[in-house]
1. Which order, highest average first, do 194-201, 156-163 follow once you tally other Cβ atoms within 10 Å for each residue and take the mean per peptide?
2. First compute the accessible area of the chain with a 1.4 Å probe, then give the percent of it belonging to carbon and sulfur atoms.
3. Could you give the dipole magnitude of the range 249-320 about its Cα centre, charging the beta-carbon of Lys and Arg +1 and that of Asp and Glu -1, in debye to the nearest 20?
4. Per residue, what accessible area does the range 1-127 have, given a 1.4 Å probe and all protein chains present, in Å²?
5. Ignoring solvent entirely, what values of log10 I(q)/I(0) come out of the Debye formula for the range 197-310 at 0.19, 0.20, 0.21 Å⁻¹ when each Cα is a single scatterer?
6. If packing is taken as the average count of other Cβ atoms within 10 Å, what order do 183-190, 34-41, 75-82 fall into, highest mean first?
7. Based on C-alpha coordinates, I'd like the Rg and Dmax of the chain, in Å.
8. Enter the accessible area per residue of the range 276-320 (Å², integer; probe 1.4 Å; all protein chains in place).
Amino acid sequence: MSGPNAKFSPSAEQMALWPRVSGNAINGRGETAPRRPTPIYWHAPDATPHGPLQRWFQSHNLGGELLAQARAERQRILDTPLAPLSETRAERSPREWSDEIRVRALAAGADIVGITRMRPQWVFEGHEVRERWIVMLGVAHDYEQMKTAPLEPSFAEVIRQYGRGNKAARELASWLRSQGHDARPHGGPMAGPATLIPAAIECGFGELGKHGSLINRTLGASFRLASVLCDVELVANEPDVFGADAFCTSCRVCENACPPRAIAPEKQLVRGEVRWYVDFDQCLPYFNENGGCGICIAVCPWSLPGVAERLVVKMARRAR
């Protein structure tokens, strides 16, 4: 596998499967008008132009024992059925529901919990979401495992946390169903009906970083997302702005560490919004070739244990 500073050139075998359409075009880079996101990767392979590349990734990166164990545990979680929907509907105030959901989600293994109203612009084209609320869950990576990226221990850690996110989401959804309210859980790596990062920003999980991942004031950039869609009336959280965006403007750590040079030094226009954006056409070949990546998350200064809280204080002082 390639190290973070190695010169990268994708294999001819992989690139022979590359579609004519650019992934950046599918993602809407350069588009001036807002629109819903288009499925591109981690969706049903037959439904996207990059589906053959997704199959190539899955067939060429079976991994060793660490990955096998993590995948088996994640699959066990996914195979566990949800609780049946109770015919008796419990009634609580929005504040009581919200407080209880946070308690239940944390008890189920989530490290952070946020709530926001579901918005149509977050739903992938071709998908439908009728639920009015989305509960966001975050689960932290183990830093010692992630700093091995792009080696197998980091990939296994990502799969473990996807499993933990799925577990927390499914347990929370099962509890809501036991209360007589339908709920739909989702956790990665496969994509659900909606993109999760905008909802996570809206519910207070943090700010988008230059590397395309969220930066949280306590977990840094090293965590995974899961969600539960539901219709019980809740109380929404507020976005949390603490200076990560400004920090990324002057920081080049992830940008310099990215082997395929997929991380741009400046924000770009994407579907009518100027924001940080990672070049899909540069990132994906390296990700596929190496069985994953995570280098940008591992090297992010915010991901170092105990550093995020200190950086929040530092950025607050700068803003005065």
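1. 156-163, 194-201
2. 53 percent
3. 580 debye
4. Values: 7550 Å² over 127 residues.
On a per-residue basis, 59 Å².
5. -1.05, -1.14, -1.23
6. On the way: 183-190: 20.9, 34-41: 17.1, 75-82: 12.4.
By packing density, highest mean first, the sequence is 183-190, 34-41, 75-82.
7. 19.4, 61
8. With the other protein chains kept in place, the range 276-320 gives 44 Å² per residue.
The values are calculated or read from the model by the stated rules, or taken from the named source; none is laboratory data. Values in this document were obtained by computation on a predicted structure and should not be read as measured data. Positions of Cβ are backbone-derived with ideal geometry, glycine not excepted, and every protein chain shown enters the neighbour counts. We work out accessible area using only protein heavy atoms, side chains counted, and drop any ligands, DNA or RNA first. Shrake-Rupley method; radii C 1.70, N 1.55, O 1.52, S 1.80 Å.
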